[in-house]
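A.B. asks: Sending over a structure as structure tokens; questions will come in a sec.
Derivation of every value follows stated rules applied to the coordinates shown; laboratory data play no part. Just so we're clear, the structure is a prediction, and the values are computed from it rather than from any experiment. Glycine gets a Cβ as well: all are built from the backbone with ideal geometry, and neighbour counts include every protein chain shown.
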Amino acid sequence: MNWIGALVDKPIERVEETSYDEELFGVCSARGVQLEMLEYWLDKEFWNFDRGYCQFDGASEGHCILAGIDPETSKVAVGQYGPGFLPNSIEFYGYSRITPENEWHLKEAVDRHISDLKSLGLKGRVHCHKALEICEKNRLDPPWLDAANNDFECARRLPAKLRTNAEIVKRISGAASSKGGSNRASKNAKTQLLNTACQEEFEKLEAKGFPSCPPKPSGGPKATDIANAIYRVLCERDDGKDVQLPEITTIEGRVRQWLKNSTK
């Protein structure tokens with residue numbers, strides 16, 4: 001497209017700003033649309049660096065994101081350059097907003113930066129952390145990196161080596177420790193349930209001769225039937241209601257061991 005010719009030949013009609021799509025990106029919080037969009041992109045495992053459906057002005061999804069442009073909300077109309085910027089990104093190029101007077105200078109600046117990004121040789125689907133680390137190594141950090149570091153949800157989606165806000169890093173570490181402790185507690189509760197309630201129910205069934213558990217052709221009850229019977233009882237017990245129950249296959253493994261021990 002001849003951008004200069006389009007600018008001279010007809011007056012610019014501003015394209016209405018693209019609205020934030022809550023169905024696609026989720027309900028926007030008080031953090032603002034730009035941070036919500038950045039979180040959306042950082043939450044993806046891979047970015048596509050080949051030209052395709054999600055591109056803007058000839059730049060791929062990945063190159064747009066690294067240049068601070070949201071390809072989902074950007075568009076080009078006749079005689080108008082209309083990128084949707086991620087946090088701090090238009091300021092990176094020396095402007096605070098797009099106007100008819102500065103949009104072509106802005107386009108030139110963005111094009112130069114995208115050209116530098118293309119020189120990194122990123123192709124196809126690239127893990128977003130790998131792409132960010134390559135940019136950091138070549139001193140081409142994305143314009144939004146500081147904004148991401150100062151937002152908890154975005155920062156925790158960055159590679160650990162790129163996190164610079166000490167307070168937020170501490171919060172991320174604390175959240176990870178809390179999650180790990182919660183997982184360990186849940187695992188311990190399951191183990192306790194296996195070692196107490198499950199074995200207790202096994203012994204009750206054993207004392208009764210394993211009723212409703214038909215024997216195998218080779219003799220003796222099926223471990224699977226016993227495990228299912230124990231699981232049904234656990235679902236009805238009060239101590240099983242607040243704990244995630246073990247998988248039936250896990251209970252079955254314990255039953256096989258208990259059966260083996262009971263025949264010795």
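A.B. asks: Taking a point 7 angstrom from the Cα of residue 153 along the C-beta vector, which residues in the stretch 34-71 have backbone N less than 16 Å away?
C.D. replies: 34-44
A.B. asks: Apply 1/(1 + (r/R0)^6) to the Cβ-Cβ distance of residue 99 and residue 146, taking R0 = 22 Å, and write down the FRET efficiency to the nearest 0.05.
C.D. replies: After rounding, the FRET efficiency stands at 0.35.
A.B. asks: How far apart, in nanometres, would the label points at residue 133 and residue 53 be if each is projected 7 angstrom from Cα along the Cα-to-Cβ direction?
C.D. replies: 3.1
A.B. asks: Could I ask something else about it? So which chymotrypsin sites (Phe, Trp or Tyr not before Pro) in the stretch 32-68 end up in coil per DSSP with only 10 or fewer other C-beta atoms within 10 Å?
C.D. replies: 53
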